[in-house]
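Note sheet for the following structure.
Bear in mind these aren't lab numbers, they're just calculated from the coordinates by the rules spelled out. This structure is a prediction, so every number in the text was calculated from the model and none was measured. Glycine also receives a Cβ, built like all others from the backbone with ideal geometry; neighbour counts cover every protein chain displayed.
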Amino acid sequence: MTPSPSPGPRVAIAHDYLTQRGGAERVVLSLCRAFPEAEIHTLFHEPEQTYPEFAEHRIRTSGLNRIEALRTDPRRALPLLSHAADRMHIDADLVIASSSGWAHAFPTQGARLVYCHSPARWLYLPADYLGTSGPMDPKRLALTALTPSLRRWDQRAARTAAASGEYLANSTIVRERIQEAYGIQASTVFPPFHPAVAEGEQRPIPQLAGWAGADGTEGGHHQVVSRLQPYKHVHRVIRAVGDTAGARLLVVGRGPERERLRAMAPPNVRLVEGLDDAQLRWAYARARGLIAMSHEDFGLTPLEAGAHGIPTLALRAGGYLDTIAEGVNGHLIEGTSPAEIRRGLAEMEEMSWDAARIRAHAETFSEQRFIEEIRARAEALVLGAKIPR
């Protein structure tokens, strides 16, 4: 009797929390396609705020997930999260951890492959996290008190994870931050743009009905796709486009800056949130260009725009240096003041853009390339064992 083949190594996926729709959550969906049998371990899961595809997977959460106020806004749980992460023990031969501060600490006896989107911003880039909050803001006071102990905890977690496997950075600048924060030499594996952003039906956005340009047609707007955080500089883009005759701006995203941005938006600027993929495809397909003015860990949205043949105006910094080829799929500028943004948009109008060439550039960051590289590194960590597909 021929013995049945032994099962492959047990693989689990870890992620900080599934409570929003962003690039990191898109990466987790790609990891799910790379390892379809893997269970997802995360501190919080709020189905209404993240991608519906996660409903197709087994998800294990922390005990804090039962508290709605924390589940809908995990920042409120900051003093509790290191303890909760320490209790997220994962029984697997290999853990693929998609981490921006917590998932790399989930305990396991198996090997770990950490895919780091950035060392925790609230510990190493607090100005980005806190924005313009005043000196007596509760978040600022809490973070000031917690930072010394949390840094020690976070650095210990990173070193433990690296010692039991491999640490990866999602961009050149994040690789540099990992070295500075943890003393770890990480390899760089660029994330993919998600194929769902480019492929499939398109559905109009109801809130934009009747919002047309000077010629009476929909489309031709500039677009921002971003979480509404202070460091994203969306307010400066609104000022730049809002003061430009004949221009229109669509801002796609949600976050703590929402009400402030809505209050300042003139009639030629619209803010929408909670779009499904078909609506996002519709918005990209009709955009004149993307504007990206934040210091990003990885420049994902120019690739999403590029999949539709749309060029990007971006800040010459951070992850955009990895994903934008000047004159091919975008134009880079030095600063984020409204005047500089307006000047950059005018310069883009004078440049010649080839939609086919833009799409070809985006394809070099395909999901299939990402999956193949992650699987190869995963199999190397479990001593060459074949991981089931």
**Item:** FRET efficiency for Arg66 and Arg159, using Cβ-Cβ distance with R0 set to 35 Å, rounded to 0.05
**Value:** 0.65
**Message:** Cut-off is 10 Å between beta-carbons; in what order do Phe190, Phe44 appear when sorted fewest neighbours first?
**Reply:** Phe190, Phe44
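In whole percent, what relative contact order does segment 195-363 give with Cα contacts below 8 Å and a gap of six or more residues?
Values: 320 pairs, mean separation 38.3, N = 169.
Over segment 195-363, the number comes to 23 percent.
Contact order normalised by length for the chain, with contacts defined as Cα pairs under 8 Å and 6 or more residues apart; what percent is it?
RCO, the chain: 15 percent.
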**Asked** How long is the gain from Ala263 to Thr364 if the chain were fully straight, where each residue apart is worth 0.36 nm and the alpha carbon distance is subtracted?
**Response** 32.4 nm
**Counted charge near Phe54, where neighbours are those whose Cβ lies closer than 13 Å (Asp, Glu -1; Lys, Arg +1)** = -1
**Message:** Can you compute log10 of I(q)/I(0) for segment 231-334 with the Debye formula, treating each Cα as one identical point scatterer, at q = 0.10, 0.11, 0.16, 0.23 Å⁻¹?
**Reply:** -0.27, -0.32, -0.72, -1.43
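Taking a ≥ b ≥ c as the square roots of the eigenvalues of the Cα gyration tensor of segment 159-314, is the shape rounded (a/c under 1.5), prolate (a/b larger than b/c) or oblate? Before the final figure, lay out the partial values.
Numbers: a/c = 2.58, a/b = 1.86, b/c = 1.38.
Here segment 159-314 falls in the prolate category.
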**Request:** Using θ = phi - 60° and the Karplus relation 6.51 cos²θ - 1.76 cosθ + 1.60, list the HN-Hα couplings for segment 86-99 in order, rounded to whole Hz, with x at every Gly or Pro.
**Result:** 5, 9, 8, 5, 10, 8, 7, 7, 8, 10, 9, 9, 8, 10
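Compute the convex hull volume of the Cα atoms of segment 254-389, divide it by the residue count, and report the result per residue in Å³ as a whole number. Could the numbers behind the result be given before it?
On the way: hull volume 21.5 nm³, N = 136.
For segment 254-389, the hull spanned by Cα atoms encloses 158 Å³ per residue.
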**Per-residue ³J(HN,Hα) for segment 339-355, Karplus 6.51 cos²θ - 1.76 cosθ + 1.60, θ = phi - 60°, Hz, x for Gly and Pro** = 5, 5, 5, 4, 5, x, 5, 5, 5, 4, 4, 8, 8, 9, 10, 10, 4
**Fill in**
Going residue by residue through segment 271-285, the Karplus relation 6.51 cos²θ - 1.76 cosθ + 1.60 with θ = phi - 60° gives ³J(HN,Hα) values, rounded to whole Hz and with x marking Gly or Pro, of 10, 9, 8, x, 5, 7, 4, 5, 6, 5, 4, 4, 5, 4, 5
**Asked** Looking at segment 27-185, what % of the alpha carbon pairs are farther apart than 20 Å?
**Response** 53
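What Kirkwood hydrodynamic radius do you get for the chain when you take the inverse of the mean 1/r over all pairs of distinct Cα atoms, in Å? Don't skip to the end; give the middle numbers.
Details: mean 1/r = 0.0459 Å⁻¹.
Radius from the Kirkwood sum: 21.8 Å.
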**Complete:** One finds, for Glu180 and Ala209 with R0 = 56 angstrom and r their Cβ-Cβ distance, a FRET efficiency to the nearest 0.05 of 0.70
**5 angstrom amide H check on Thr312, placed H, neighbours 5+ away** = Leu290, Gly330, His331
**Item:** Neighbour net charge for His15 - beta-carbon separation under 14 angstrom, K R +1, D E -1
**Value:** 0
